[in-house]
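Chemist: Just passing along the structure, written as structure tokens.
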Amino acid sequence: MNDIPGLRPQEAVGNALRDFARHILAEGRVAIEDGKRVEAVAVHDFRAAMKSWRAFLRLIEPHLPEGERRWRIEARDLARMLAGARDAQAALDAVADCEKHTPSHRLSSQSWGTIRTKLEDLRVTAETASLTPTLRKRISAALDRAEAQIERWPLDELTFSDVTQALREDYRRARRLMPEKWREASAQELHDLRQRVVVHRFQIELVEPLWPRLGRTWVREAQKLRNRLGKCQDLAVLAGYCEPHQPLARWRSRLLSVISQRQAQHVKAARRIAGRLYAEKPKAFRRRLEALWDGMSASR
């Protein structure tokens, strides 16, 4: 259990934060430098590592020298370079979701097959120049710079209270973005909420060692919410391909009806999960983390 990076009372907060940062960058490096890894998997894993890295940077940025925000911007830009095939893959994921829950009389298996083929062609075209050797070297160099910078960051004076304050702020931001009327929430509103849920989902891993069983459950719940909101986003991308003069315009009327129905189902599920995940007020959430820290400190 102690091999998992995270905050524990027996270890200085600054050291634990550096270990956590190194772990994230190592995950990104393995994804991008493992020549045996399928490219689509490598891209997915690297983008996930950059999301975790950016969530971590959001947490510590208030305690870093001015100008250090560039690291989060660079991570965002690196991930975007590998997003070329993301829309087509998102639409393919939405197609798989819709087909599973759509009666055959609304769209035949032949129609679904043709739709998948068109989207697969788009994805392959977008992936052709995705992860070139030049880009791999550029990303590796960026990771080298970030790893070196970790050692220079003034983290030694940070306390657990500093960390919980930052966790509270991002928890509060996500909570505030929960729609008052979920059924009427726009795709952009759900996307904005998902971005904050992603930040919270990765940040909470930092304190998971304080409450291993409940911590893992919390991460799973956050991931479930992220997935449901992600499916809404995938469906919105699929709807975009149905617009006039787009590849799937031929199936527009039938697909949009199916998309709308699935979106409503995912939004309903997301509302239930969010209600559980963000039930506490931000101050209570922070107090609970600090109580766990104090309890573990006292038992040492």
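Chemist: At 222 nm, what value in deg cm²/dmol follows for the chain if DSSP H runs of at least 4 each add -39500 (n - 2.57) and the sum is divided by all its residues, to the nearest 500?
Modeler: My calculation for the chain gives -24500 deg cm²/dmol from helical runs alone.
Chemist: Restrict the search to region 80-171; then list the GluC sites (Glu not before Pro) that DSSP places in a loop and that have at most 14 other Cβ atoms within 10 Å of their Cβ.
Modeler: Qualifying residues, ordered by number: 151, 157.
Chemist: R0 = 30 Å: FRET efficiency of residue 195 with residue 134, Cβ-based, nearest 0.05?
Modeler: About 0.55, to the nearest 0.05.
Chemist: May I ask you to derive the FRET efficiency for residue 250 and residue 217 from their Cβ-Cβ distance with R0 = 41 Å, giving the value to the nearest 0.05?
Modeler: Efficiency for this residue pair is about 0.35.
Chemist: With a cut-off of 8 Å between alpha carbons and a minimum separation of six or more residues, what is the relative contact order of region 134-269 in percent?
Modeler: 20
Chemist: For the chain, set up a Gaussian network in which alpha carbons nearer than 10 Å are linked by springs, and say which option among 279, 270, 83 fluctuates the most.
Modeler: Looking only at 279, 270, 83, the largest GNM fluctuation is found for 279.
Chemist: Taking the chain as a Gaussian network, where each spring joins two C-alpha atoms under 10 Å apart, which residue of 215, 67, 230 fluctuates the most?
Modeler: 67
Chemist: Take the alpha-carbon centre of region 57-89, take the same for region 256-300, and report the distance between them in whole Å.
Modeler: Centre-to-centre distance over Cα atoms comes out at 24 Å.
Chemist: Now, a different point. Mean separation of Cα pairs under 8 Å and 6+ residues apart, divided by the residue count of region 227-300: what relative contact order is that in percent?
Modeler: Computed value for region 227-300: 30 percent relative contact order.
Chemist: I would also like to ask the following. Tilt of helix 252-277 relative to the longest C-alpha principal axis of the chain, in degrees (0 to 90, nearest 10)?
Modeler: So the helix axis and the longest Cα principal axis differ by about 20 degrees.
Chemist: Which residue, 121, 45, 162, tops the fluctuation ranking in a GNM of the chain built on C-alpha contacts under 10 Å?
Modeler: 121
Bear in mind these aren't lab numbers, they're just calculated from the coordinates by the rules spelled out. A quick note: this is a predicted structure, and the numbers were derived from the prediction, not measured. All Cβ positions, glycine included, derive from the backbone under ideal geometry; neighbour counts span all protein chains shown.
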